[in-house]
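Enquirer: One structure, as structure tokens, below. Some questions next.
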Amino acid sequence: MSIFLLTYIVLFEYIDNSYFMGVPKLLQQVHIEDYNDTAEWLKVLAHPVRLCILHGLLDKGECNVGYIQECLELPQSTVSQHLQKLRAAKIITSKRNGLEMIYRISDDKLNRVLQSLF
């Protein structure tokens, strides 16, 4: 998928596809600062391991780090580092279930964006 298509998906699906007085938001006056959060979000996504984790979470709904580690065949420390970056960007959320952490994609809008990628 091209970066242009991904940017289009993010801009129109994830951010806001509203109109103001019949003019699409992209045609109105914009400020580069308005896109900082989206740029940071795309930077976090721009890693094959993180995309693979998100694809797995999209398919399964929620998983613990052990399950993700087995699927990716990577050390737990590597998987945990990637999960931490996804959590810091608020792309995924976690909840504690006893001794394990359960991860899931943070919201429905993000789910739709990721579904369009995969």
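Enquirer: If I ask for residues that are crowded, with 17+ Cβ neighbours inside 10 Å and part of a strand (DSSP E or B), which ones from region 102-118 would you list?
Expert: Tyr103, Ile105
Enquirer: Within region 89-98, can one find any residue that is modelled with pLDDT of 90 or more, open to solvent by less than 40 Å² (accessible area, probe 1.4 Å) and in a helix (DSSP H, G or I)?
Expert: Within region 89-98, none of the residues are modelled with pLDDT of 90 or more, open to solvent by less than 40 Å² (accessible area, probe 1.4 Å) and in a helix (DSSP H, G or I).
Enquirer: For region 55-66, give me the residue count where each residue is open to solvent by 70 Å² or more (accessible area, probe 1.4 Å) and either among the basic types (Lys, Arg) or more than 20 Å from Phe118 (Cα to Cα) (or both).
Expert: Result for region 55-66: 1.
Enquirer: Would you check which residues across region 42-54 are open to solvent by 50 Å² or more (accessible area, probe 1.4 Å) and assigned to a helix (DSSP H, G or I) and list them?
Expert: Lys43, Pro48, Leu51, Cys52
Enquirer: Filter region 70-96 for residues that are touching a Phe, Trp or Tyr at 6+ places or on another chain (Cβ under 8 Å) and of a type in the set (Ser, Thr, Tyr); which is nearest to Leu114 (Cα to Cα)?
Expert: Thr93
The values are calculated or read from the model by the stated rules, or taken from the named source; none is laboratory data. Remember, it's a predicted structure, so these values are computed and weren't measured experimentally. When we count neighbours, we look across all protein chains shown, and the Cβ atoms used for this are built from the backbone with ideal geometry, even at glycine. These accessible areas exclude ligands, DNA and RNA; they are computed on the full protein's heavy atoms, side chains included. Shrake-Rupley method; radii C 1.70, N 1.55, O 1.52, S 1.80 Å.
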